[in-house]
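Chemist: A single structure is presented below for examination.
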Amino acid sequence: MPNSDTRHDELKSEFFTEFSTYLDRSPIQFCTVELVDPCIRRLKRGKAAGHDELTVEHLVHAHSVLVVLLSLLFNMCIMYDTVPLDFGKGIIIIIPLIKIWTAIKPVAITIEVLPSVQC
């Protein structure tokens with residue numbers, strides 16, 4: 001089961017083992033409001049909401065204090081080397097396609113809807 005505690009620990013140790021070879025030894029760069037705000041403005045609009053029911057439009061049209069709070073959240077993620085568990089959740093939708101030729105196996109399209117805000 002992918003969401004068990006033991007599987008989580010296995011994946012976490014595997015990630016840290018692999019990530020340690022890529023780790024940049026330069027000083028930590030923090031997320032600033034000037035960095036987060038343009039990222040929000042460049043997000044594609046009109047996309048489906050994730051399991052958190054937030055869309056890009058919620059972020060774009062929110063009060064400007066949201067950018068400050070998001071930059072603080074991202075900085076905490078950097079400082080503590082962790083992210084909220086909900087950032088890894090998504091909704092997977094499988095759309096089966098009609099078989100066109102008899103020699104070709106039926107194919108399905110998989111769409112994953114992720115939360116709008118992720119570290």
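Derivation of every value follows stated rules applied to the coordinates shown; laboratory data play no part. No experiment lies behind these values; they were computed from the predicted model shown. Counting neighbours? That spans all protein chains shown, and the Cβs are built from the backbone with ideal geometry, glycine included.
Chemist: Ranked highest first by the average count of other Cβ atoms within 10 Å around their residues, in what order do 12-18, 50-56 fall?
Modeler: In decreasing order of mean packing, 12-18, 50-56 become 50-56, 12-18.
Chemist: What aspartates and glutamates could a cross-link reach from K89, if we take a straight Cα to Cα line under 14 Å and drop same-chain neighbours fewer than 8 places away?
Modeler: Candidates past the 8-residue exclusion: D52, E53, E112.
Chemist: With a Förster radius of 41 Å, plug the Cβ-Cβ distance of H63 and D9 into 1/(1 + (r/R0)^6) and report the FRET value to the nearest 0.05.
Modeler: Values: r = 39 Å, r/R0 = 0.95.
Between H63 and D9 the formula returns 0.60.
Chemist: Can you give the extra length, in nm with one decimal, that the chain gains between Y80 and I95 once fully stretched, where that is 0.36 nm per residue apart less the Cα-Cα distance? Working shown, then result.
Modeler: Working: separation 15, 0.36 × 15 = 5.40 nm, distance 3.86 nm.
Difference between extended and current length: 1.5 nm.
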